[in-house]
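Worksheet: one structure, shown below.
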Amino acid sequence: MKDDIILRVIAKLVMPFMLLFALYVQFHGDLGPGGGFQAGVIAAAAIVFYAIIFGLPAGRKLAPEWLVEKILAVGVLLYAGVGIAGLFLGGTYLDYFVLDADPVHGQHRGIFWVEVGVALTVSGTMLKLFYMFAGRGRDGEEL
Amino acid sequence: MAVAVVAMATQRNLFGVVVLFSIYSFLMATVLFALDAVDVAMTEAAVGAGVSTVLLLGALYLTGGTEAKPLHRPLIPLALAIAVGALLAYGMLGLPAFSDPEAPIHAHVAPRYLGEGLKETGVPNIVTAVLASYRGYDTLGETVVIFTGGAGVIALLRRRRRNGS
Amino acid sequence: MMAEHLPILQVVLPLAVAPLIVLARDRGFAWVATTVVSYGCLAIAIALAVQVAASGTISYAIGSWPAPWGIEYRVDALSVFVLVLVSLTASLVAPYAQRSIAAEVADDRAYLMYAMYCLCLAGLLGITITGDAFNLFVFLEISSLSTYVLIALGRNRKALVAAYQYMLMGTVGATFYVIGVGLLYLMTGTLNLADMAARLREVDELRPVLAALAFITVGIGLKLALFPLHQWLPNAYAYAPSMATAFIAATATKVSVYVVLRYYFMVFDPAQLFAHLPTREVFIALSVAGMLVASLVALFESDVKRLFAYSSVAQIGYITLGIGLDNQASLTGSITHLLNHGVTKGAIFVLLGGVALRYGTQSMSVANLAGLARRMPLTAFGLVIAGLSLIGIPGTAGFVSKWYLIMGALEQGLWWVVGVILAASLIAAAYVWRVVEVAYLCPARGEWRGGEAPIGMLTAALAMVILCVYFGFDTTFSVGGAREAADLLLRAQK
Amino acid sequence: MSAFAGHYAYWITIFLMVAGMYILIARGNLLKKLIGLALLQTSVYLLYIAPAKLIGGSAPIIAGGFSTYSNPLPHVLILTAIVVGVATLALGLALVVRIRETYGSIEEDEILALDSADDG
């Protein structure tokens, strides 16, 4: 599919919008349906889409495997870290009230970072899964 | 949906089964949407019809397409499955009626989420509020499950170095 | 300041270290981190035990949301006992892991193995400590998924199939559990276990509750390898890497037993349910069948690891038997046996891991052990002691728990059950003798790479063997803790 | 639509569960077993979600003009369950791919035959 000009142009055009949409779903999750998980899936889908059209090596250049693996771990750490921040600020674990002088603001802040953590881990995992399954030849040899 | 499921059980071409599974997930998402579970519907559409299908197709490519004719007689598994179904039916007969506002799940715990959730967390989407705050620890666990799955797949499918073992 | 947060740190510590390990991608760091975390967990568990002994049940509201709305962590005499068991095993296995993983797992995934181990530990601790039905499911899945990976990383290709089969059965079990919890939730409107227990007592319509009981029992029964739902266990134990076998065998099924105890005694209302269903009789029947059948299979099994895996199925029978007998002595016996069997089986599999390393093979038949006593005298001696504890010879840990079980059976006037316990122990003596006979009396043969097991592995193994004997003499912690827990369960039942 | 859901949601759950169990047990193909497993897991969704619905209620997003909302808690639980399901599926597929690579087959009986040949 690498040589099809129409696909290439469309992919280039659509990609930013998909990523934008992921951001929208991420931050609109407070008001409407959506949130970190869905946003993570959409963001990963955008890159998978890119990799399918331009080939796996191009996708790997855009989002290198080592980076994806780090993102996967950073998301969980971020989430767990928000909880530990609550501990240090005098609350219980995952206590968002103490994250800001105004408890409701604190809740907002906590939910925001937690959702970012979820989105990171989910997009990282989905991409990694794609690389793992797609980057494998039928009998285990490298593609 | 039922048709899709029956077709899935009988179809031996695995590619067909995967496509049916995708259709089934979309139908499931529609039903969930009708039941007011918009967040769940969105996730099911993305995960069931999207991610799972891609994964299944990827695995299908790596493993090959058709299923052999089953050797066992299907009667015993069918009986076992129906027995479990009957048990569930027995339990379900005693559940509160559909959309009964007096039912325990509407009378206990949930009212606080709906009544105070906006005030306490400042988030109008109560599903998000419960997900990330009231039951935020479950979601941490969920993220860890995803992480475990991801890391597990890496451990299983990492490409071997050519000179290595 | 941190003392009040110990319950959450117990779980979050290993949970947060796993991603750190993945970030670092370094085997050395992974091992150090894992070991430190395991000992940290043990320290926390002991501190919690002290707190519980001093001031009773601890409740910890995560996110400062009060109990039925938020998720609560609940540490009581029973859960703290299991916490100590799990973290004790973890801290004994972790130092041992270094050599075992280096020998059995490819270099570039060794660090992932450690990450999985931390996750599995976090999952098991999370199941034990949580006071929330759905949170329990989430942590059940964390521990299960990581266990599947741990098993699949075994060298033999059969490990893959074993992991796959375990995955199918484990996931069905977890799904059944969710169905059961769903039914309970629909009847009570709450997910908090304590709140659920209180509200279940006012429920009139029993059919959903009975169905929930059945689904949860079968679901967790699959995880705890309750006879006849144990088919996944022997292969999973036999083909997993040694350290994974040692850890899982000592902890995973025990935690599932704990879940059963918690639901049967602290959630469901016995007066309401057990009058309708012969649960006690079913438990006794299945336990007895499991003890006899699995012991007999073990007697004729040729692979050593599978032999002891079947023996585990039989030992789980002893533990569930205590639940079925349902009195103070038998429950004390059951709970003590969680610990005693955990230590005993842990010791055996750790020792076998050392043997596998030196013999350069993963699946060992009994005959392969010929001459073990001359080649690896300490290991062979350890196997003998742990074997004696498995049989239940006086002076070892196994004797103590069986003694209480027999007392429990006598209290119920069930003489034939006493007979079965003795018969199963005799069969155990026979299969342990098979191993010992070959190890001590047969001339050495087959490949051998020389030397005792590496010092790190041997220390861990001997520590466990010493515990087998120690818990046979000093029972203040084991029986004492178990008795507290049994009292708690029986009080909750009133 | 809601009447449909009310009467039939439980029966659909049961049907899906039976079908999932059946595929899981009766089929020998490892991939197909996983699909049965996924089906079994999805059957739970309706068990939780259907009772959460209140007729006349709307999705649990607080806004002016609505007074009854469906219960959000089951939605949250099922979101978690979906995620757990996909993680399990991914891991299962990875296992199947590895099994296929080492055994050259994903039919249960063929694999068992290969295993017993190993032992013999």
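Mind pulling up the Rg/Rh value for the protein assembly as shown? Radius of gyration and Kirkwood radius, both on Cα. A ratio of 0.95. A simple rule links phi to the HN-Hα coupling: the Karplus curve 6.51 cos²θ - 1.76 cosθ + 1.60 with θ = phi - 60°, which for the range C:461-477 gives 5, 5, 4, 5, 4, 4, 4, 4, 7, 4, 5, x, 9, 9, 10, 4, 6 Hz, with x for Gly and Pro. Pair-distance distribution of chain B: all C-alpha pairs, bin width 10 Å, starting at 0; shares per bin in whole percent are 8, 19, 30, 26, 12, 3, 0. Between the listed residues C:Ala367, C:Ala424, C:Leu405, the Cα displaced farthest toward the positive end of the dipole of chain C, a dipole computed from Cβ unit charges relative to the Cα centre, is found at C:Ala367. Peptide packing for C:117-123, C:186-192, B:116-122, C:81-87 was compared via the average number of neighbouring C-beta atoms within 10 Å per residue; ordered from the highest value, the list is C:117-123, C:81-87, C:186-192, B:116-122. Put simply, the amide H of C:Ile393, placed in the peptide plane, has neighbours under 5 Å in C:Phe399, leaving out anything fewer than 5 places away on its chain.
Pairs from the list A:Lys70/C:Lys305; A:Lys12/A:Lys128; C:Lys223/C:Lys305; C:Lys158/C:Lys223; C:Lys223/C:Lys402 with a Cα-Cα gap above 30 Å: A:Lys70/C:Lys305. Straight Cα distances below 14 angstrom link D:Lys33 to the aspartates and glutamates B:Glu67, D:Glu107, D:Glu108, D:Asp109, with same-chain residues fewer than 8 positions distant left out. Take each residue of peptide A:35-44, count the partner chain Cβ atoms within 10 Å of its Cβ, and average: the result is 5.
Listed peptides D:30-40, C:56-66, A:91-101, C:366-376 appear in the order D:30-40, A:91-101, C:366-376, C:56-66 once ranked by packing, highest mean of other Cβ atoms within 10 Å at the front.
Amide H contacts of D:Tyr69: D:Ser58, each under 5 Å away and 5 or more positions distant or on a separate chain (H built 1.01 Å from N in the peptide plane; Pro and chain starts excluded). Principal-axis analysis of the Cα atoms of chain C puts helix C:107-129 at an angle of about 30° to the longest axis. 3J(HN,Hα) along the range D:19-31: 4, x, 4, 5, 4, 4, 8, 7, 8, x, 7, 5, 5 Hz, from the Karplus curve 6.51 cos²θ - 1.76 cosθ + 1.60 with θ = phi - 60°, whole Hz, x for Gly and Pro.
Give the peptides B:102-108, C:465-471, A:15-21 in descending order of average Cβ contacts within 10 Å, highest first. Could the numbers behind the result be given before it?
Values: B:102-108: 17.3, C:465-471: 21.1, A:15-21: 14.4.
My ranking of the peptides, most packed first, is C:465-471, B:102-108, A:15-21.
A convex hull fitted around the alpha carbon atoms of the range D:2-119 yields 104 Å³ per residue.
Run the helix sum for the protein assembly as shown: -39,500 (n - 2.57) per DSSP H stretch of 4+ residues, divided by residue count, reported at 222 nm to the nearest 500 deg cm²/dmol.
Working: 38 runs with 687 residues, N = 922.
Helix contribution divided over all residues of the protein assembly as shown: -25000 deg cm²/dmol.
Distant-in-sequence amide contacts of D:Asn29, defined by a placed amide H-H separation under 5 Å and a gap of 5 or more residues or a different chain, comprise D:Glu108.
Mind checking the full-extension length gain between C:Ala430 and C:Asp107? Use 0.36 nm per residue of separation minus the Cα-Cα distance, one decimal, nm.
Working: separation 323, 0.36 × 323 = 116.28 nm, distance 4.01 nm.
Fully extending the segment from C:Ala430 to C:Asp107 adds 112.3 nm.
Three semi-axes describe the equivalent ellipsoid of the range B:1-68; taken as square roots of 5 times the Cα gyration tensor eigenvalues and ordered largest first, they are 24, 14, 5 Å.
Against the longest principal axis of chain D, how steep is helix D:72-103, in degrees 0 to 90 to the nearest 10, with axes from Cα atoms? On a 0 to 90 degree scale, this one is about 10. Need the list of lysines near D:Lys53 for cross-linking: C-alpha distance under 18 angstrom, and skip anything on the same chain fewer than eight residues off. Within the straight-line cut-off, D:Lys53 pairs with nothing.
For the range A:77-94, putting each phi into the Karplus relation 6.51 cos²θ - 1.76 cosθ + 1.60 with θ = phi - 60° gives couplings of 4, 4, 4, 4, x, 4, x, 5, 4, x, 4, 6, 8, x, x, 8, 5, 6 Hz, in residue order, rounded to whole numbers and with x for Gly and Pro. Roughly how many nanometres apart are two label points built 7 Å out from the Cα toward the Cβ at C:Leu490 and C:Ser64? According to this spin-label approximation, the distance is 4.2 nm.
No lab work stands behind these numbers, since they all come straight from the coordinates. Predicted model only: the values in this text are computed from it and were never measured. Positions of Cβ are backbone-derived with ideal geometry, glycine not excepted, and every protein chain shown enters the neighbour counts.
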